[in-house]
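Trainee: Pasting in a structure now, in structure tokens, and then I'll have a few things to ask.
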Amino acid sequence: MAVDTTTYVPAPSRTSAYLDWLQMLTGAGLILFMWSHMILVASVIPTPRLMNAIAHFLEATYMAQVGGPIIACTFLLHFVLAARKVPFRVEQQSTIWKLSRQLRHTDTYLWLIQAVTAMVILIMGCIHMWTVLTDLPITAAKSAARIQGGFWLVFYLILLPMVELHVGIGFYRIAVKWGFARRKDRKSFKKLETYLTAIFVAIGLMALVRFLTLSV
């Protein structure tokens, strides 16, 4: 009898479980990094001197020079691990969109948003990291000059919501998948995820406005 390969689902393996754990750990690490990164960037809002002092400390202790490449490698590893479950083929994408419309399941839509934002972040995130890490030291004046250039403002206006959506949904999905949020807790976790995403997007926008108004 011929096997219908379009509906065949391979049995889970121990290797797959280990890779899922690694995906969760790298994802959790990147979530903490992105929230910390946003707070550090937002230090420009009260005064550029605060941002410069923090940047100087990170570079003087080599946290930026060493941590930057580590974060970049973690970022790429996380993408590779997550890509195992992303439908890249056209027929797979068509099938999952049809199923999503039929199920009308919120968590399925959240996963689709994560998959789409991941593709955007992969490209734009690499550009951002390369631009920053190859132009050390980091200063408020450099960041302001880049954003006031025009192209970079649009770039960050796109990247900011993509990152915060991906990170916020990732926080929620980790909590659900690994049992931190039980079924009765999902509604409150969704609210928390929505609030966190809105807060960090607002902080990012305020930082962009602050960079636009700095004299360079």
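Trainee: What does the charge add up to near residue 160, with Lys and Arg as +1, Asp and Glu as -1, over the other residues with Cβ less than 15 Å from its Cβ?
Mentor: +1
Trainee: Using a cut-off of 11 Å between beta-carbons, work out the net charge of the residues near residue 198 (Lys and Arg +1, Asp and Glu -1, residue 198 not included).
Mentor: Its environment carries a net charge of -1.
Trainee: For region 15-213, rounded, prolate or oblate, judged on the Cα gyration tensor with a ≥ b ≥ c (square roots of eigenvalues), a/c < 1.5 rounded, else prolate if a/b > b/c?
Mentor: Judged from the Cα gyration tensor, region 15-213 comes out prolate (a/c at least 1.5, a/b above b/c).
Trainee: Identify the trypsin sites (Lys or Arg not before Pro) of region 169-203 meeting these criteria: DSSP loop state and at most 10 other C-beta atoms within 10 Å of the C-beta.
Mentor: 182
Trainee: Residue by residue through region 50-67, which ³J(HN,Hα) values in whole Hz follow from phi under the Karplus form 6.51 cos²θ - 1.76 cosθ + 1.60 (θ = phi - 60°), with glycine and proline marked x?
Mentor: 5, 4, 4, 5, 5, 4, 5, 4, 5, 7, 5, 9, 6, 5, 6, 5, 8, x
Trainee: Same structure again: Using Cα-Cα distances under 8 Å and only pairs 6 or more residues apart, what relative contact order does region 113-216 have, in percent?
Mentor: Computed value for region 113-216: 40 percent relative contact order.
Trainee: Take the alpha carbon gyration tensor of region 146-191, find the square roots of its eigenvalues, order them as a ≥ b ≥ c, and report rounded if a/c is under 1.5; if not, report prolate when a/b exceeds b/c, else oblate.
Mentor: Here region 146-191 falls in the prolate category.
Trainee: Give, as a single signed number, the net charge of other residues whose beta carbon lies under 15 Å from the beta carbon of residue 143, with Lys and Arg counted +1 and Asp and Glu -1.
Mentor: Summing Lys/Arg as +1 and Asp/Glu as -1 gives +2.
Trainee: Compute the distance in nm between two label points, each set 7 Å from the Cα along the Cα-to-Cβ direction, one at residue 109 and one at residue 195.
Mentor: Result: 2.2 nm between the two label points.
Trainee: Further question: Once fully extended, how much extra length lies between residue 39 and residue 25, figured as 0.36 nm per residue of separation less the alpha-carbon to alpha-carbon distance?
Mentor: Between residue 39 and residue 25, full extension yields 2.9 nm more.
Trainee: In what sequence, highest mean first, do 155-165, 113-123 appear when ranked by Cβ atoms within 10 angstrom?
Mentor: Put in order of decreasing packing, that is 155-165, 113-123.
Trainee: What's the extension gain from residue 123 to residue 49 if we count 0.36 nm per residue and subtract their Cα-Cα distance?
Mentor: Residue separation times 0.36 nm, minus the Cα-Cα distance, leaves 23.5 nm.
Values in this text are rule-based calculations from the coordinates and carry no lab data. Every value quoted in this text rests on a predicted model; they were computed, and no experiment measured them. FYI the Cβ positions are ideal-geometry reconstructions off the backbone, even for glycines, and counts take in every protein chain you see.
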